[in-house]
Amino acid sequence: MCGIVGAVAQRDVSAILMEGLRRLEYRGYDSAGMVILDTHSKAPKLKRHRAVGKVAMLDEAQRADPLAGGVGIAHTRWATHGAPTEENAHPHMALDQVAIVHNGIIENHAAIRERLEAKGYVFSSQTDTESVVNAIHERLDHGDQLLDAVRHVVCELDGAYALGVVSQNEPDRIVAARLGSPLVIGIGIGEHFIASDVAALLPVTRDFIYLEEGDIAEICRDHLTIYAANGDKVTRPVKTTELSADAADRGEFRHFMAKEIHEQPRAVAETLEARVSEQRVLPQAFGPEATAVLSKTQRIQIVACGTSFHAGMVARYWFESLAGLPCDIEVASEFRYRPHVVADGTLFVTLSQSGETADTLAALREAKQMGYLATLAICNVPESSLVRESDLAMMTRAGPEIGVASTKAFVTQLVALMITVIAAGRFHALPESMERRLVEALRHLPRQIEEVLSLEPQIKTLAEQFIDKHHSLFLGRGMQYPIAMEGALKLKEISYIHAEAYPAGELKHGPLALVDSEMPVIAVAPNDDLVEKLRSNLHEVQARGGRLIIFADHAVPFEQDQDTHVIVIPPIDDLISPILYTVPLQLLAYHVAVLKGTDVDQPRNLAKSVTVE
């Protein structure tokens, strides 16, 4: 995996492919490549460049030896099978006659490889993808047209894939296919495109077809044909995206992450827009069936991964303490591999920024067979698989998030989850007066986030304490414990400092042994019912020579000294305080990473959208 771009046009497509790859860099990758079908020569020929490292390295190869033509495919790879090498980089080719780009994982590639090697095929990489391209070549060698060859081969594949395939013998088309990995078709005038993400194609089109599971498409300049998994011709709707071509521009900011942190007031305001009135949540935001579903909901099951899992952990507190609904949460990759007892009236809730997270999607598909009342997706991408396959959906409206470490997507997930809690709680234990209180608090949230962002100079200064540090500890109590986990995740993701998070009350059960002057301890201390308990826990740190950084409500005074630094956070209703207290932890992680000199937007070994298991 990671990013796919393809084009078939009357003009040279090399610049389109290169720009598309640049726009997919945020997804994380370790190598890049492109194949252009040179249609200007007498005999069409596939020509390829591949490079390890950034897209800029591929661009250098293209400038040194330009490839030009009207048909091409390109790819950024994140290593799964085989190390990051030029031989393992996509596109892969078979005997210079057919080329392929592939996202996903082919689980039975070894068996296919063994069969083809027995027939004389020679493999030059360790990838699963090379088995696919050689299998397609085998069918072409038997007389199949490219479409039929791809159709035949995908029936043999076990696993997940998004494919773009070109052949020198059919130089006017791309054949695309998807199962378990996203792929879109961009619609132009006398030209068409494919990509794993609409962001790649925004400079050339805003009109897209989102391929469904099992679809295969034959794409030419002036027409395209789509076949469903059963082989029937189908028509998929064309949708116009609201994203603009400059959505992936950093603007005045040094990094996308910084830009996205500062976009959070707007993102929260847009997530609230038309979902709340002055005093009430509008249940229509979840779709026409929402009232019927939420009124029958007796229990909540949340499934998510990574940052989204932390958002779900906060929501568990909210569902149980505010709505009176029992709530379970589980990591998606674990949910799939154990038996479940599904209680009557359980709403299955999935959280995902991209809506294409492989483990979360697989959990949703299993849940639909397990007797849940209904499914609800909270997601940032309206056209994603998760949204399309769920009964209800709540869009987070964060806008494009380029930085691998999620910021505004996480905060808007929390806002959407609170809206969900209020909407569900109305039918259960949430009094009307509490709904009014929560809605008023949410309406003030964008301004309060702006106030926290104004603290950035103080937080930037604090970040200097981490320059020579290798470990850190984050503490929170109650609803703030998942926020401590999120703060630790952000710091480790982008600065590579080892960070752990604990409920503050657990210090004396083990983690206190780690505390010394070389291990910063970061705590979040809103003015809630547990703040005095937290204060006692922090005294334990101070008594052992620990260095404290405390983000505290103005009404919770902490004494400062050379080993204790306090950042005063603006007052906020304690029920939504987890949302606000996330922001200073994001800023701290960001400025530590900048001082460490790491790749903030594209941290090593990570991808933005994890579309393989």
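The values are calculated or read from the model by the stated rules, or taken from the named source; none is laboratory data. These numbers come from a predicted model, not from an experiment. So basically every Cβ, Gly included, is an ideal-geometry build from the backbone, and we count neighbours across all protein chains shown.
Picking from residues in the range 94-120 that are in contact with a His (Cβ under 7 Å, 6 or more places away or on another chain) and in a loop (DSSP other than H, G, I, E, B), the one that is surrounded by the most Cβ atoms within 10 Å (Cβ to Cβ) is 97. Scanning the range 512-520 turns up at least one residue that is surrounded by 16 or more Cβ atoms within 10 Å (Cβ to Cβ), in contact with a strand residue (DSSP E or B) (Cβ under 9 Å, 6 or more places away or on another chain), in a strand (DSSP E or B) and not assigned by the TED database to the domain that holds residue 363. Modelled with pLDDT of 90 or more, farther than 15 Å from residue 75 by Cβ and crowded, with 24+ Cβ neighbours inside 10 Å: does that describe residue 186? Judged against the criteria, residue 186 is a match.
Screening the range 121-206 for strands (runs of 3 or more DSSP E) wholly inside it with 3 or more residues that are touching a helix residue (DSSP H, G or I) at 6+ places or on another chain (Cβ under 8 Å) and under 22 Å from residue 45 (Cβ atoms) returns the ranges 161-167, 170-179. Number of residues in the range 213-237 that are of a type in the set (Asp, Glu), surrounded by 15 or more Cβ atoms within 10 Å (Cβ to Cβ) and without any contact (Cβ under 8 Å) to a residue 60 or more places away in the chain equals 1. Candidates in the range 423-462 are the residues that are among the charged types (D, E, K, R), touching a strand residue (DSSP E or B) at 6+ places or on another chain (Cβ under 8 Å) and assigned to a helix (DSSP H, G or I); of these, the one that is modelled with the highest pLDDT is 435.
Is it the case, given these coordinates, that residue 56 is part of a loop (DSSP other than H, G, I, E, B), in the same structural domain as residue 106 (by the TED database), among the aliphatic types (A, V, I, L, M) and at pLDDT below 95?
No: the conditions fail for residue 56.
Taking the numbered list (1) surrounded by 16 or more Cβ atoms within 10 Å (Cβ to Cβ); (2) on the phi > 0 side of the Ramachandran plot in turn, residue 605 passes all entries but (1). Inclusion of residue 496 among residues that are out of contact with any His (no Cβ under 7 Å at 6 or more places or on another chain), surrounded by 15 or more Cβ atoms within 10 Å (Cβ to Cβ) and within 22 Å of residue 312 (Cα to Cα) is not warranted. Residue 551 meets each of the listed conditions (1) within 30 Å of residue 323 (Cβ to Cβ); (2) not in a strand (DSSP E or B) apart from (2).
Return a yes/no flag: does the range 522-535 have any residue that is of a type in the set (Val, Ile, Thr) and assigned to a helix (DSSP H, G or I).
yes
Look at (1) under 17 Å from residue 161 (Cα atoms); (2) in contact (Cβ under 8 Å) with a residue 40 or more places away in the chain and you find that residue 110 fails only one, number (2).
Note on the range 73-89: residues that are crowded, with 20+ Cβ neighbours inside 10 Å, outside any strand (DSSP E or B) and within 22 Å of the chain's Cα centre (by Cα) amount to 1. Against the conditions (1) surrounded by 14 or more Cβ atoms within 10 Å (Cβ to Cβ); (2) not hydrophobic (A, V, I, L, M, F, W, C); (3) not assigned by the TED database to the domain that holds residue 171, residue 278 satisfies every one except (1).
Can you report the number of residues in the range 307-317 which are surrounded by 24 or more Cβ atoms within 10 Å (Cβ to Cβ) and within 20 Å of residue 390 (Cβ to Cβ)?
Final tally of qualifying residues: 4.
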